[in-house]
Structures are given as C-alpha cells and as structure tokens.
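Each value in this text was obtained by applying a stated rule to the coordinates, not by laboratory testing. The structure presented is a predicted model; accordingly, all values stated were derived computationally and were not measured. Every residue, glycine as well, gets a Cβ built from its backbone with ideal geometry; the counts of neighbours run over all protein chains shown.
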Amino acid sequence: MVLPEEMAFAINWLKENGFIPVYDERLFMQHFIFAGDDETRAANFQRYLNDEMINAIWCARGGYGSIRIIDKLDFTKFVEHPKWIIGFSDVTVLHGKLNRLGIPSIHAAMPFYFANKTPEAKQSLIDALTGKPMHYEIETHSLNRSGEAEAEVVGGNLSVLIGMMGSDTFPETDGKILFIEEVDEYIYHIDRMMHCLQRAGKLDHLKGLIVGGLTQIKDNAHPFGQTAEEVIAEAVKDYDYPLCFGFPAGHWDDNRALLLGQKVKVIVPSQSDASRSVCVSSCQPL
C-alpha cells in the first residue's frame, strides 16, 4: 500500500516532464499490506492493461504481491496494444511474464521513494520512455570477467526470480544477458539461489551476466567466508561469458533504467585494458 504523500513527488515530477499521470483513489486502498485484496488489485491493473489511451503503467512500489495476481490477468488486449510496464523488485514477476510474451519492459525506480533517486536515475527513466539512446559507463570491479555480448536482457530481483522457477513467468535465459540484483538477504541465501539457477541450467547458455545492487546483505554470526559478489562469481566460474558487477540498478539511490527484452551491448574490458566497464543500450519506444 502507499499513501498520497508518498506519491506526491513522483506525480509532480511526471507533470513537470510533460507526462500526464492517470490514477484515482484506488491507488491508496489498503487490505493488510496490500493496496486492496487480490481481486481488486487485479481488476485495477487489468483496466490499465486494456486501456489503449494509456502509454505506460508505472508500478507504485515493490514489496510483495505481484505473484498473487499474475494469473488473474488477461494480456490478450495488452499484446495487441502493448505499453511500457515500469518497476523493479517485486515487479520482476511482471517483467518475466512480458518476456515470455515477447514484449519489452523497463526495470527502473518506482514512485515510492522516487524523490531520493539520483538525477541520473530520474533522467534515465525519461530517456527510456522517450526512446533516447542509453549509454552507461561504470567503474570496473575486481571480479569482473572481460568480454563482449550483444543480446536481450532479462531478469530482475534474484529472490523473486527463484520464486518463479518452473512457471510460465520465469524468463527465457538461453542466449540472453541475465541481470540480477538483491537486497536484505543472507550470503548463504544468495549462494543457495545461485546454485538453484545453476542446477536448473539457467546459467549454462547465457550471453552475459550483469549484477546490480547487492544492498543490505547480511552474514551469520559464524561468517559464510565469502562476499555476495564472490559467491556469484564462483557460481559462474566455469563459463566464459562476460560478467559485470556494480551495475547501477537495484535497491539503491542510483537505480537507473534498464530495458528488459531489448537488445543491449555489454563491453567488459580486461583489468589491464581499461578502468571502466561499458553497457550500451539502444531504446526504441513502443
């Protein structure tokens, strides 16, 4: 659930940048931790999926709840007239569904706490929505694996991805660049989830792996012995595709837009060749 004052900044930001926010009081409904019961939330979302006058659906916040309504939604009209669906974290469920439908989406910051996002994060969402080319350069990481890849990006929050394993909302990973990020997890949980992906063959045929924010990661009283980054690097050590850590997307202030389901070029230089990693994305509006 969200409160009106928590949405005010993002709504004003939309107006200031030439967008027309469309919402009503149903946005502020409450049922336990949710913005209405499952049937109400599904009906509200369905209304915007079907509305041909709506160009994008910007999910208000993450948390938990998308998986409870995904099977209640009918994407028939949406496929005929697609629009951007924007969000991250719990919205990974929707990103996965759209990937299976062959429709791109935008992994980006959401209205909740949007005021705290960096200017670069805010501008990247405008660029994604208006079809401007997107080019990111980030500091290299000692665990990066050099290489180049050009393929569609899929993925999102690691825990949510694992929760979708075996379902028709888990994205296709073969021949794709997988993006993952995580927040508030134990290192051994991340180790378990990476082994889960590995055992299911989801890491075998990637074109690349991009790792975003790994924030508020916890360890036990008896330390696991590796960092979260080291756990991920070890899980893919037997592959040769490029590996990039520290991408500016995830549960932190610099949560920049990443186009899922669209082709992206990733260049990860060797440690001796350059001090920067580059991710280049071409965006075409729906």
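Seen from all sides and averaged, what is the projected area of the convex hull of the Cα atoms in the range 33-125, in nm²? Walk me through the numbers before you get to the answer.
Numbers: hull surface 24.3 nm².
The Cα convex hull of the range 33-125, projected and averaged over all directions, gives 6.1 nm².
Distance from the Cα centroid of the range 125-180 to that of the range 216-241 is 19 Å (rounded to whole angstrom).
What percent do you get for the relative contact order of the chain when only Cα pairs under 8 Å and 6+ apart count?
Over the chain, the number comes to 22 percent.
Note on the range 134-281: Lys pairs 8 or more places apart or on different chains, Cα atoms under 12 Å apart, count 6. Note on the chain: GNM, Cα springs under 10 Å; of GLY65, GLY208, GLY102, the largest mean-square fluctuation is that of GLY102. With each label modelled as a point 7 angstrom along the Cα→C-beta vector, the ASP204-ASP38 pair spans 3.3 nm.
Which residues does the label zone of TYR64 cover in the range 83-115, counting backbone N under 12 Å from a point 7 Å along Cα→Cβ? Within reach of a label on TYR64: no residues.
According to the square roots a ≥ b ≥ c of the eigenvalues of the Cα gyration tensor, what is the shape class of the chain, taking rounded for a/c under 1.5, prolate for a/b larger than b/c otherwise, and oblate for the remainder?
On the way: a/c = 1.60, a/b = 1.44, b/c = 1.11.
Taking the square roots of the gyration eigenvalues as a ≥ b ≥ c, the chain is prolate.
Do me a favour and compute the ellipsoid semi-axes for the range 114-235 from its Cα gyration tensor, root of five times each eigenvalue, largest one first, whole Å. Write out the running numbers ahead of the final one.
Numbers: eigenvalues 124, 76, 48 Å².
So the three semi-axes of the range 114-235 are 25, 19, 15 Å.
What does the charge dipole of the chain about its Cα centre add up to, to the nearest 20 debye, if the Cβ of each Lys and Arg holds +1 and the Cβ of each Asp and Glu holds -1?
Working: 26 positive and 39 negative charges, 88 e Å.
Value, rounded to 20: 420 debye.
Full extension of the chain segment joining ALA115 with LYS72 gains 12.3 nm, where the gain is 0.36 nm per residue of separation less the Cα-Cα distance. For the range 134-281, the antiparallel share of DSSP beta bridges with both residues in that region comes to about 55%. Here LYS77 is the anchor, and the aspartates and glutamates within straight C-alpha reach of less than 15 Å, apart from those fewer than 8 places off in the same chain, are ASP51, GLU52.
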